[in-house]
Structures are given as C-alpha cells and as structure tokens.
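*Asks:* Starting off with a structure, shown below.
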Amino acid sequence: MSLPKRFPDRDEIASVRAKAEPLEPGGEADGKCRVAGRVLARREMGKLVFLDLVDRSGRIQLLCDTGRTGPVDVDLGDIVGVTGSPARARRGEPSIAVEELELLAKIRRPLPDTFHGLTDVEQRYRRRYLDLLMNEESRRDAFVRTRMITEIRTYLDSEGFVEVETPILQPRYGGGFAEPFVTHSNELDQDLYLRIADELYLKRLIVGGLEKVYELSKDFRNESTSYKHSPEFTQLEWYEAYADYRDVMDRAETLVERTALGVIGTTKVTFRGHEVDLAKPWRRVKFVDGLQAHGVWSRDVDDLRRKLEAAGVDTTQDRTWSQLVDHAYSHFVEPELIQPTIVYDWPIELSPFARTTDDDPTMVERFEAVVGGMEFANAFSELNDSEEQKERFAMQEAERAAGDPEAEPGDPDFVEALAYGMPPTGGIGLGIDRLTMVLAGRDNIRDVVLFPALRERS
C-alpha cells in the first residue's frame, strides 16, 4: 500500500466526524477520507477489529473488516494511516470504515498503562513526550499556553505596540534582583551574562522613539527552584511612552481579562485551591498599608528587625533594611492576597528603576499584581532622569556592599542612553509561566513548562 500523500489537520478530522452517516459497521458512505494517528485501543469482534485512533484533535474509532483489510497487525502505540469512509458503529459512535490501513511507525517500547496514563510526577517532567501522549490534561495545558500567547500578541498588536527582540547575551545584566548565569565569548574574549530581564534594552528603544514596544522573551536567573520559580522562564515586558503606572494597571487588567476570556472562555478559575475571578477591576492596596495591617512596618532597620522577630520571623539571613522589608512583605502580605490585587507605591530601596511618587520621595510609583498569593507582574512609572538613575545605581552598590549579592549592579551605558532623554514611560514585566499556571489551574510551574529544568539523573 502506498503512503497517504497528505495527513489531515484537526479541521479535516472534525469534518470527517461531521459527515459520518448512520451505517452499520463495515457499511459504506459517500466520500473518502484519509486520516493518520496513533492506535491507543484495540477490540475484536469476530472479523471486525475496532481501533481507537488518536491525534491532537481527539479520538475517532476505526472499523476494520478483516475480510476487506486483511489481518490488522498493529500494536498499541503504533502510528498508522488509513483510507476509508465515514460510518457509525451500532452504538452511534462516529467512525471510519477502513478500506486500507498502513503502518507508518512501529512502537518499540510498550506505552505506560493506557487507562491510567503516566502518573509518576518526575517521569512526567523527564519524559514529557510520554506525558503529552498519555495525559489529555497535559496536552490541554500546552494548548492553553499557546493560545494565551496568541491572545496576548493579538491584544498588544491591536493597541499599536511593536514586538521586538533584544539581546539574550549581555555584557552587563540588569532589570531585576537576581544572580545571572555567566558564559564566555571566545571571539570577544569577555564574559557575558544570560539576561535576567529585558528592561534596560527595551527602554533604550523608547529613547530611540519606538514609543510602544513589547517582547516575549526567555530570561534566566541562577537561583533556587520552587513551585513558582524556574531558572529559565518566559516573561512578557512592554513599555509605553507617555504613560504611567496607573495606565499600566488598567492595561494589565484588560490584557489578563481578555486573555482569560479568549483562552478558557471565562474569567473565573480555580488556582491553588481558591476560586478567583480575573475580571477587572482588581483590588488595590498600598504597600505600606499592607505591612501596617500586620504591625510590621518601620523605616528603622533595628526596629523593623525587632518587629519581625517578635512576630516569629527568622531574620538571620536579612542584612539590610530592604531585605527585611521585602521579607516582611513576602511573609505577611503576599500570601493572603487571593483575589487579583495590585499592591502599589513601594519603597525606593526596592525599586531602582521607578519614578518617585509626587508626595513622598522615599516611595516610588511601582506595583505588583498578585493572585492566589503569587506575584505574577511587576510594573513601574519608569525613572527617566539620567542623573537620578546614576544615583540609584550608587544606592544599589551600597546595598551590595552591605551584603545583598542580588542588588542591581549598574549600567553606565543605560545611564548615557537616558541622558539623551526618555519620555515619561510606563512599563511592566509579566510572567508567562505564572499566568499559564493561573489559567490552567496548575499549582507548580513545572506543569506548564514543557521541559522544566531538572537535576541530572545518576
């Protein structure tokens, strides 16, 4: 038998199902069809062999009359191509009455239990191809992520944003508090860093007059893993000239709401055991108000440490005031924010790239978006004064000298770019992996990353 010249996409298979007519097994209907997929079930009834053919669009039954097709010599997991006619089994199931069947790929190792699927969590991550093959929910999550990215691009493109690409290998790293991965360029004879964020390059493009830019990028941080942290992750960053953090708040709410509706058809999801609604508007809370509600706010480092220790918090690893206040926020405030919440106006020490508020020079126009106790977006009214940015880098260098290895290292070239003038700008970094967790209802980031980072097996 010759190989089918083409294989159908999901629309064609849907069309095959739609054309199925109420015939007995083995009966014929007008029109021929070709389909291909993997055999994941087999049943026999006399001269009839029933096969379940599966591809990404779903499952359809094959009716093989061995008097017509000859012996059906296929095993579970084999990939076959068939030619036949739409039909229905006696129980009404849309099927294909097979005329020709050809083996396209032979399975050499037995599949996991086809009823229970691949259940071992580590094996699901290590052998994602089997996880996708055996677990329908894993395939669903993969499509949620893909459709989510499509919806995001559609929204930003419709709003006049331009998608760009910025360097992954950078001579200086910046745009976040993190340890970088370091590599070396033989040609340039210098160390380079895998980017921890896109921010400083995207803002150079704002200086250059592009005005509304975004990037969907892979970023890398040499840090520990958790249910929400991965050393390699995907982030959406956008920057908009002549906007501030309140404009970004509104746009973030709109983007998430539209994306949820476009991908899963609703704004209501179950995430980390909670029913949450992503519809706008979201609750808004000031950073200081959140800490004061727990009695752990102070501008004095020793006083803040006493308050935290009195509340049972271990502060032995916190060497600076900024580390203490960040610890207080992550311990007391963030975990209790279940419904989508915007926490805004942050201390200047935690935000080296944000503009100060008009009424308090110790606070900046920054917000984080949190849902289910997990931050998934971080945004600013961007600092656009080159002299002040230079001072902020010096402030961060003091933090580094005081014992914070993740403090911002500084970037003189970025300061020079700002010296040519950057318009008032609003910008955001939104975690694609984390938003996928929310929309897919998954509690671990590894469930929504196709090939998560894992320790090498011995």
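*Asks:* Kindly evaluate THR357 against the criterion of being more than 24 Å from GLU232 (Cβ to Cβ), in contact with an Asp or Glu (Cβ under 7 Å, 6 or more places away or on another chain) and either hydrophobic (A, V, I, L, M, F, W, C) or free of Cβ contacts under 8 Å to residues at least 40 places away in the same chain (or both).
*Replies:* yes
*Asks:* What helices (runs of 4 or more DSSP H), lying completely within region 269-388, carry at least 3 residues that are farther than 30 Å from LEU418 by Cα and open to solvent by 50 Å² or more (accessible area, probe 1.4 Å)?
*Replies:* Of the helices (runs of 4 or more DSSP H) lying wholly inside region 269-388, those with at least 3 residues that are farther than 30 Å from LEU418 by Cα and open to solvent by 50 Å² or more (accessible area, probe 1.4 Å) span 301-310.
*Asks:* Also, quick follow-up: Within the bounds of region 256-265, is there any residue that is surrounded by 15 or more Cβ atoms within 10 Å (Cβ to Cβ), touching a residue at least 12 places away in the same chain (Cβ under 8 Å) and part of a loop (DSSP other than H, G, I, E, B)?
*Replies:* There is no residue in region 256-265 that is surrounded by 15 or more Cβ atoms within 10 Å (Cβ to Cβ), touching a residue at least 12 places away in the same chain (Cβ under 8 Å) and part of a loop (DSSP other than H, G, I, E, B).
*Asks:* Looking at this structure, is ARG204 open to solvent by 40 Å² or more (accessible area, probe 1.4 Å), within 30 Å of ASP404 (Cα to Cα), outside any helix (DSSP H, G or I) and not small (Gly, Ala, Ser)?
*Replies:* On the way: open to solvent by 40 Å² or more (accessible area, probe 1.4 Å): yes; within 30 Å of ASP404 (Cα to Cα): yes; outside any helix (DSSP H, G or I): no; not small (Gly, Ala, Ser): yes.
Spelling it out, it is not the case that ARG204 is open to solvent by 40 Å² or more (accessible area, probe 1.4 Å), within 30 Å of ASP404 (Cα to Cα), outside any helix (DSSP H, G or I) and not small (Gly, Ala, Ser).
*Asks:* Here is a follow-up. Condition check: touching a residue at least 12 places away in the same chain (Cβ under 8 Å) and either hydroxyl-bearing (Ser, Thr, Tyr) or part of a helix (DSSP H, G or I) (or both). Does GLU151 satisfy that?
*Replies:* So GLU151 fits the description; yes.
*Asks:* Turning to a different aspect of this structure: Six or more apart or on different chains, Cβ atoms under 7 Å: show the pairs whose first residue is in region 388-403 and more than 12 Å from ILE348 (Cβ to Cβ) and whose second is open to solvent by 60 Å² or more (accessible area, probe 1.4 Å).
*Replies:* So the pair list comes out as ALA402/ARG319; GLY403/ARG319.
*Asks:* If you don't mind, another one. Of the residues MET437, MET395, which single one is in a helix (DSSP H, G or I) and within 27 Å of the chain's Cα centre (by Cα)?
*Replies:* Among MET437, MET395, only MET437 is in a helix (DSSP H, G or I) and within 27 Å of the chain's Cα centre (by Cα).
*Asks:* Also: Out of everything in region 175-200 that is out of contact with any strand residue (DSSP E or B) (no Cβ under 8 Å at 6 or more places or on another chain) and open to solvent by 50 Å² or more (accessible area, probe 1.4 Å), what residue ends up being nearest to TYR242 (Cα to Cα)?
*Replies:* Only one residue tops the list, namely PHE177.
*Asks:* Condition test on GLY81, is it more than 30 Å from ASP219 (Cβ to Cβ) and either part of a loop (DSSP other than H, G, I, E, B) or in contact (Cβ under 8 Å) with a residue 12 or more places away in the chain (or both)?
*Replies:* yes
*Asks:* Let me ask you something else. Just to check your reading of the model, which residue among GLU223, GLU199, GLU179, GLU215 is among the acidic types (Asp, Glu) and over 19 Å from the mean Cα position of the chain (by Cα)? Explain how you work it out, then say what you get.
*Replies:* Details: GLU223 fails: over 19 Å from the mean Cα position of the chain (by Cα); GLU199 fails: over 19 Å from the mean Cα position of the chain (by Cα); GLU215 fails: over 19 Å from the mean Cα position of the chain (by Cα).
Result of the check over GLU223, GLU199, GLU179, GLU215: GLU179.
*Asks:* Tell me whether region 255-266 contains one or more residues that are among the acidic types (Asp, Glu) and farther than 15 Å from GLU336 by Cα.
*Replies:* yes
*Asks:* Turning to a different aspect of this structure: Looking at region 221-240, which of its residues are assigned to a strand (DSSP E or B) and surrounded by fewer than 19 Cβ atoms within 10 Å (Cβ to Cβ)?
*Replies:* Answer for region 221-240, where residues must be assigned to a strand (DSSP E or B) and surrounded by fewer than 19 Cβ atoms within 10 Å (Cβ to Cβ): just GLU232.
Residues checked against (1) assigned to a loop (DSSP other than H, G, I, E, B); (2) over 19 Å from ALA377 (Cβ atoms):
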residue: PRO167; (1), (2): yes, yes
residue: ARG172; (1), (2): yes, yes
residue: GLY175; (1), (2): yes, no
residue: GLU179; (1), (2): yes, yes
residue: THR183; (1), (2): no, yes
residue: LEU188; (1), (2): yes, yes
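*Asks:* In region 221-260, how many are in contact with a helix residue (DSSP H, G or I) (Cβ under 8 Å, 6 or more places away or on another chain) and among the acidic types (Asp, Glu)?
*Replies:* 2
*Asks:* Return the residues of region 84-98 that are in contact (Cβ under 8 Å) with a residue 12 or more places away in the chain and open to solvent by 20 Å² or more (accessible area, probe 1.4 Å); say none if nothing qualifies. Spell out how you get there, then give the answer.
*Replies:* Of the residues in region 84-98, the ones in contact (Cβ under 8 Å) with a residue 12 or more places away in the chain are 84-90, 92-98.
Result: ARG88, ARG90, GLY92, GLU93, PRO94.
*Asks:* Exactly one condition in (1) among the polar types (S, T, N, Q); (2) free of Cβ contacts under 8 Å to residues at least 40 places away in the same chain; (3) within 21 Å of THR234 (Cα to Cα) is false for ASN135; which is it?
*Replies:* (3)
*Asks:* Test of understanding: among LEU101, LEU111, LEU132, which residue is surrounded by 15 or more Cβ atoms within 10 Å (Cβ to Cβ), among the hydrophobic types (A, V, I, L, M, F, W, C), more than 23 Å from the chain's Cα centre (by Cα) and over 28 Å from GLY67 (Cα atoms)?
*Replies:* On the way: LEU101 fails: over 28 Å from GLY67 (Cα atoms); LEU132 fails: more than 23 Å from the chain's Cα centre (by Cα).
Only one candidate qualifies: LEU111.
The values are calculated or read from the model by the stated rules, or taken from the named source; none is laboratory data. Since the structure is predicted, the reported quantities are computational estimates derived from the model, not experimental observations. All Cβ positions, even for glycine, are placed from backbone atoms using ideal geometry, and neighbour counts span all protein chains on display. To get the accessible areas, we keep the full protein, side chains included, count just its heavy atoms, and leave off ligands, DNA and RNA. Shrake-Rupley method; radii C 1.70, N 1.55, O 1.52, S 1.80 Å.
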